[in-house]
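Single-structure report; data block below.
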Amino acid sequence: ELPGFYYDSEKNRYFRLLPGHNNYNPLTKESIQYKAMECKRLRLLEEEEKQKKKTARAGLNSSLLLQKRQLGLLSSRSYCRMVHELKVNCMQRKKIEIHGPDSSVARTNNFITIVADVACERIFTVSDVEHGGCKYGIINLSGLGKESLTVEMYDNLYFTNRKVNSVCWASLTHPDSHLCLMGIAETPGRASLLPASFFSSTNPGDRPGMLCSFKISTAWSCAWCLNPQADSCFSTGLTGQVLVTNVVTGHRQTYSIVSDVLAQQFATQTPVLYNGCRSGEIFGIDVRQRNHKGQSWKAIRLFQDSAVTSIRLLEAEHYLVAADMAGQIKLWDLRTAKCVKQYRGHHNENTVLPVHVNEEEGLLTAVGQDCYTRIWSLQDAQLLRTIPSPHSISKDAIPSVVLSSRLGGSQGVPGLLMAVKQDLYHFSYN
């Protein structure tokens, strides 16, 4: 790069960036980069529409996999993982029709994030509203069939003024019965736990009240604990502290730190809460241990090069996936505290972006700040698929995704759900 110049690859020469007249200059580095990114996105979209079948590995196809399986050269687990790789590479995009109780009202709010429950039967949605804040809703995926691409969405009009930084499903009375919301309207913020049935009840008199709500400092993350030794607890990642709250007894435990906690997840086999910080540190907290001054309460400590934006524990809880703002996604062995794999290609500079792990299918999914959805093999970290966004690249149009082999429940359809702008797309397995 030359200061004051830009390079035109088509004409193979440099051009001077001149100061614009009346503070207007169409040739800026940002506009040139944006134009190049848009050309690449449109080219990839066109290639995806033309190419129905492709694979990330040379020579990998369904007939070869079946032949190796019959000859005993592949285990059942390896065969299933390879089949899912083939299916992911053959996914085709289709737009989903979103219906609601009031079908006459057109959808005008942009999706910010979508979070599926454990069974992938429902999706909690957060959308922005024009006058500021967010609107919440739940999408029922039971209507998402192989023939019909329609879903039912239920909005809640009573929670529209508070911005949401983080959300997770909570299992209090039954699996995924409630929702934890960490929101900011103004300083201070607020942590809320409300029933999921709040969004499906048609009669306002039948709607249950909020279970708990309290003011907090700026909240960045939240997680619900499924371990019986810390039952009915959820955590809140704040600026300078971690707050663990028991929603039944009201007891709160505070752990002071020196950074912002941007990501959290509870282990299920042990009562340990894992935290990812803006400082790049990842540490665990045994929530049975009371925080005393001068006592070392961090169970494990890992360090990444940049702010940690997402952490995911694998099923056996010996490994942890962590993503940061340098675009690095690493697989850590918690027994040796060492990085054993790195998933390359992710793009992030300054945004809190989640990663999704489908361990049964052997897949890892992440959406980058460049609006591309990337899918890796969890086993060997190979990049399997890069999906361009259907909309123009911008900071307020980063897609939010859910990948599952059972969208809509145990008998549901497999594929990828993508929410971007006002639209919801389904990338279905062939």
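The values are calculated or read from the model by the stated rules, or taken from the named source; none is laboratory data. Keep in mind the model is a prediction, meaning the values are calculated, not measured. As a convention, Cβ positions derive from the backbone with ideal geometry for all residues, glycine included, and neighbour counts pool all protein chains shown. SASA here: full protein model, heavy atoms, side chains in, ligands and nucleic acids out. Shrake-Rupley method; radii C 1.70, N 1.55, O 1.52, S 1.80 Å.
Details
- The Rg/Rh ratio for the stretch 60-131, using Cα coordinates for both the radius of gyration and the Kirkwood hydrodynamic radius, is 1.23.
- Inter-label distance for residue 47 and residue 67, nm, one decimal - labels placed 7 Å from Cα along Cα-to-Cβ: 2.8 nm
- For residue 162, residues with placed amide H under 5 Å, excluding near neighbours: 134
- Protein accessible area in the stretch 241-349, 1.4 Å probe - carbon and sulfur %: 45 percent
- Å² per residue, accessible surface of the chain at 1.4 Å: 50 Å²
- Residue among 189, 345, 250 with the largest mean-square fluctuation in a Gaussian network model of the chain, springs linking Cα atoms under 10 Å: 250
- For the stretch 277-406, Kirkwood radius (reciprocal of mean inverse C-alpha pair distance, Å): 15.7 Å
- Sites residue 108 and residue 379 - FRET efficiency at Förster radius 51 Å, r taken between beta-carbons, to 0.05: 0.75
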